[in-house]
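Let me begin by presenting the structure, written as structure tokens, before commenting on it.
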Amino acid sequence: FKGGDTCEYLLSSGRFLGEKVWQPHSCMMHKYKNSEAKNCLIDKHVVFIGDSRIRQLFYSFIKLINPQVKEEGIKHGNIPFEDKSASIKVDFLWYPEVNGSMRQRIKSWTEGSVAKPHIIVVGAATWSIKIHNGSNEALAQYKINITSIAPLLEKLAISSDVYWVLQDPVYEDMLSESRKMITNEKIDAYNEAAVRILNSSSRNSKAKVKVFSVSKLIAQETIMKSADGLHLPESSRDTNAMILMNVYCNKIMKPIDGSCCQPQPPLTLIQKIAFCFFTLSIIGYLIISLIHRNNYRKNKSCTDLESGEEKKPAISIPNVSTLEMFLHCFCKLGLIMTYFYLCDRANLFMKENKFYTHSSFFIPIAYILVLGVFYTENTKETKVLNREQTDEWKGWMQLVILIYHISGASTFLPVYMHIRVLVAAYLFQTGYGHFSYFWIKGDFGVYRVCQVLFRLNFLVVVLCIVMDRPYQFYYFVPLVTVWFMIIYATLAVWPQIIQKKANGNCLWHFGLLLKLICLLTCIYFLSYSQGAFEKIFSFWPLSKCFELNGNVYEWWFRWKLDRYVVFHGMLFFFIYLALQKRQMISEGKGDPLFSNRVSNVLLFISIVSFLTYSVWASSCKNKTECNELHPSVSVVQILAFILIRNIPGYVRSVYSSFFAWFGKISLELFICQYHIWLAADTKGILVLIPGYPMFNVLVSTFIFVCVAHEISQITNDLAQIVVPKDNSTLLKRLLCIAGFFSGLHFFSAMPDQSRH
């Protein structure tokens with residue numbers, strides 16, 4: 001419930017993650033770039049009023065706009081700054097004491113003829129303590145002066161953002177003799193007076209001067225690193241400046257990873273319609289359940305007293321069960337989507353920034369590895385990449401990716417490069433799995449295509465509606481969907497080459513190889529022709545699916561990053577078939593995959609290749625350069641893993657049921673993490689239980705996994721209802737789905753028209 005007033009917490013409380021990363025209480029702080037700061041402050045006038053400490057804050061603030069600024073200028077005088085490109089003015093006004101001069105300057109802004117600054121940052125006290133040798137009379141005068149200034153600040157706060165900066169503590173042991181009278185006891189007395197007077201004044205006013213007290217907490221942790229015991233080290237004042245930028249700019253720029261001071265987004269028309277639909281589904285399910293239960297009670301079998309025979313129910317309504325299942329699924333889904341919305345759109349639960357440490361990533365990895373090995377069982381079949389093995393593979397990869405996301409390990413390049421291989425391995429399995437299905441079954445019917453597309457996309461479509469996010473935002477689902485359609489088109493287009501046909505004539509294998517070469521050529525061409533790629537996916541309605549932030553660059557980047565690995569999966573299955581047909585591999589239980597000599601050589605080469613890739617990934621210095629090489633070299637570690645996992649007969653004959661269980665819901669886990677395990681669209685961490693990080697992760701993880709499992713079941717149940725086997729019924733359903741998306745497009749366009 002504390003998630004609501006995040007602005008107040010940003011200004012008053014928080015803690016350090018590590019040495020330099022500040023974590024506000026209950027919300028996430030965005031790290032503003034120079035371009036973002038300029039866009040926020042365009043045509044704005046900002047004024048800093050106070051002593052040398054405020055001057056420090058002034059310099060840190062303007063460095064967010066222009067990092068090239070040097071701290072030069074009159075120490076005890078006014079310092080102007082202007083960025084003409086964005087029409088930004090930032091002034092420092094030297095008023096080291098709260099006195100008549102400061103009051104007069106502030107009063108001048110309250111008069112109608114003078115333009116008011118948009119942001120005013122005020123603070124002073126240490127000079128009063130120093131000049132008057134810490135006397136009680138100076139404190140009494142300070143209270144009188146603030147009392148006279150407070151109404152003027154309140155008046156300015158009606159149209160401007162006004163911040164009163166409390167005095168930071170000092171490191172008394174390092175203070176020079178001329179500053180020895182500035183004690184923390186005196187500073188606390190001055191701060192207490194300022195807070196009491198400003199708060200009492202705000203009770204009688206609609207506007208409020210915001211008290212910037214968080215700098216005290218930051219100073220308590222870092223003042224020991226001060227050069228003179230009075231002024232904060234540069235990293236601390238930079239943090240204060242970034243907090244100030246977040247307080248003012250988050251409500252304007254609305255950064256995804258800056259939840260502090262952001263209002264709850266208003267509901268869109270589509271979200272309102274979705275809410276009504278889920279509500280009606282819940283009501284409808286409850287009504288049908290009551291009717292069904294009453295009918296069951298009325299027709300419940302009972303004993304005939306005369307004959308002694310048991311009477312059977314008189315009626316059964318088969319249509320009710322299908323409708324009831326449909327409403328039951330959407331009833332559960334409605335409750336789950338409510339939880340999604342409360343976690344990541346309503347300001348109900350807290351959110352925190354990620355902070356990476358090696359222990360936060362590698363200790364959980366070791367823990368799940370032990371669990372996975374503990375739950376080892378025999379496989380039903382011992383073929384290469386059998387169903388249990390691929391589920392296990394997906395499961396442990398998904399768990400590693402989840403730990404990678406929640407620990408913020410993307411900042412550590414070696415881990416990032418290994419995770420890229422795991423994502424590539426998912427796509428490798430996509431190529432291998434779908435290619436093998438079409439080759440063996442020869443099923444190119446509409447039913448199969450619709451089933452796969454529904455299972456892949458159902459959850460994402462619902463989240464796009466409920467969470468108001470574009471389809472491309474959940475990038476992995478568009479990726480596997482497009483690759484599935486490419487695999488389907490490659491094999492379904494004339495001539496259709498399947499196992500049954502190829503077994504009759506070996507020439508068909510060369511035809512299939514020719515198809516694969518054509519596919520590789522197309523992939524190569526598109527990967528080096530960004531313009532052609534963007535033109536293809538910029539046509540309506542594809543643009544509606546693949547645009548993010550108004551262009552398809554993100555989609556091109558994601559596609560290009562793993563452009564060859566699906567082809568590698570298809571080619572691997574083709575080679576596996578050739579070896580299997582020529583009886584060059586042995587897949588019996590406990591038998592090595594090849595002859596002992598060949599198996600040992602291949603196993604040695606695989607281990608060396610696996611480790612070589614890891615060494616290369618660990619030596620990466622530049623993410624851009626490594627991403628360029630990744631599409632060509634990721635297959636090395638994937639193939640090495642497959643051979644290590646399958647060459648020894650015993651290893652191929654067992655699997656981890658623990659990992660396989662997670663593998664069966666891996667897609668749901670990957671998508672659900674965006675909003676109910678992580679927060680702010682994966683940028684932060686959801687906090688259900690503040691103050692207990694480990695307990696919070698345990699609770700949120702339990703809920704997250706249960707929800708993913710439930711959604712998997714809902715998707716499977718709805719797939720049977722929405723995608724029937726009967727072609728005429730399926731055609732009607734497809735027309736209904738087309739109508740649904742047309743309506744979705746119509747309603748999504750309505751807000752845009754109203755804005756224009």
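The values are calculated or read from the model by the stated rules, or taken from the named source; none is laboratory data. All of these numbers come straight from a predicted model, not from anything done at the bench. For neighbour counting, all protein chains shown are included, and Cβ atoms are generated from backbone atoms with ideal geometry for every residue, glycine included. Note: areas computed on protein heavy atoms with side chains; ligands, DNA, RNA excluded. Shrake-Rupley method; radii C 1.70, N 1.55, O 1.52, S 1.80 Å.
Out of all the residues in region 45-66, is one or more in contact (Cβ under 8 Å) with a residue 12 or more places away in the chain, crowded, with 19+ Cβ neighbours inside 10 Å, of a type in the set (Gly, Ala, Ser) and in a loop (DSSP other than H, G, I, E, B)? Among the residues of region 45-66, not one is in contact (Cβ under 8 Å) with a residue 12 or more places away in the chain, crowded, with 19+ Cβ neighbours inside 10 Å, of a type in the set (Gly, Ala, Ser) and in a loop (DSSP other than H, G, I, E, B), which makes the answer no. Of the candidates 658, 594, the single residue that is outside the structural domain of residue 455 (by the TED database) and open to solvent by less than 50 Å² (accessible area, probe 1.4 Å) is 594.
Only one of the numbered conditions (1) assigned to a loop (DSSP other than H, G, I, E, B); (2) under 29 Å from the mean Cα position of the chain (by Cα); (3) crowded, with 18+ Cβ neighbours inside 10 Å is violated by residue 617, and that is (1).
In region 703-725, the residues that are touching a residue at least 24 places away in the same chain (Cβ under 8 Å) and in a helix (DSSP H, G or I) form Cβ pairs under 6 Å with partners that are aliphatic (A, V, I, L, M) and surrounded by 17 or more Cβ atoms within 10 Å (Cβ to Cβ), at six or more places apart or across chains, as follows: 704/676; 707/336; 708/665; 708/669; 709/665; 711/459; 712/665; 714/333. Taken residue by residue, region 401-411 has no member that is out of contact with any Phe, Trp or Tyr (no Cβ under 9 Å at 6 or more places or on another chain) and either in a helix (DSSP H, G or I) or β-branched (Val, Ile, Thr) (or both).
Kindly check whether there is at least one residue in region 426-440 that is under 30 Å from residue 618 (Cα atoms), of a type outside the set (A, V, I, L, M, F, W, C) and open to solvent by less than 10 Å² (accessible area, probe 1.4 Å). Taking every residue of region 426-440 in turn, at least one turns out to be under 30 Å from residue 618 (Cα atoms), of a type outside the set (A, V, I, L, M, F, W, C) and open to solvent by less than 10 Å² (accessible area, probe 1.4 Å).
In region 333-365, the residue that is farthest from the chain's Cα centre (by Cα) out of those that are more than 28 Å from residue 397 (Cβ to Cβ) and open to solvent by 30 Å² or more (accessible area, probe 1.4 Å) is 335.
For every residue, the table says whether it meets (1) over 19 Å from residue 19 (Cα atoms); (2) modelled with pLDDT under 95.
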| residue | (1), (2) |
| --- | --- |
| 157 | yes, yes |
| 160 | yes, yes |
| 164 | yes, no |
| 175 | yes, yes |
| 205 | yes, yes |
| 222 | no, yes |
| 232 | no, yes |
| 235 | no, yes |
| 258 | yes, yes |
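Could you tell me whether residue 125 is out of contact with any Leu (no Cβ under 8 Å at 6 or more places or on another chain), closer than 20 Å to residue 58 by Cβ, among the small types (Gly, Ala, Ser) and open to solvent by less than 50 Å² (accessible area, probe 1.4 Å)? In short, yes. Against the conditions (1) in contact (Cβ under 8 Å) with a residue 60 or more places away in the chain; (2) more than 19 Å from residue 166 (Cβ to Cβ), residue 72 satisfies every one except (1). Taken over region 70-121, the criterion of being of a type in the set (A, V, I, L, M, F, W, C), surrounded by fewer than 16 Cβ atoms within 10 Å (Cβ to Cβ) and under 24 Å from residue 37 (Cα atoms) is satisfied by 115 alone.
Of the residues making up region 12-38, just one is hydroxyl-bearing (Ser, Thr, Tyr), open to solvent by 40 Å² or more (accessible area, probe 1.4 Å) and over 23 Å from the mean Cα position of the chain (by Cα), namely 12. When 643, 698 are screened for being touching a residue at least 24 places away in the same chain (Cβ under 8 Å) and hydrophobic (A, V, I, L, M, F, W, C), only 643 passes. None of 516, 479 is buried (at least 19 other Cβ atoms within 10 Å of the Cβ), among the hydrophobic types (A, V, I, L, M, F, W, C) and part of a helix (DSSP H, G or I) except 479. Taken over region 75-96, the residue count meeting the criterion of being without any contact (Cβ under 8 Å) to a residue 40 or more places away in the chain and in a loop (DSSP other than H, G, I, E, B) is 5. The number of residues in region 526-569 being touching a His at 6+ places or on another chain (Cβ under 8 Å), assigned to a helix (DSSP H, G or I) and open to solvent by 40 Å² or more (accessible area, probe 1.4 Å) comes to 1.
For region 664-680, state whether one or more residues are more than 24 Å from the chain's Cα centre (by Cα) and crowded, with 19+ Cβ neighbours inside 10 Å. No, region 664-680 has no match at all.
Checked against (1) of a type in the set (Asp, Glu); (2) at pLDDT below 50; (3) in contact with a helix residue (DSSP H, G or I) (Cβ under 7 Å, 6 or more places away or on another chain), residue 324 passes all but condition (2).
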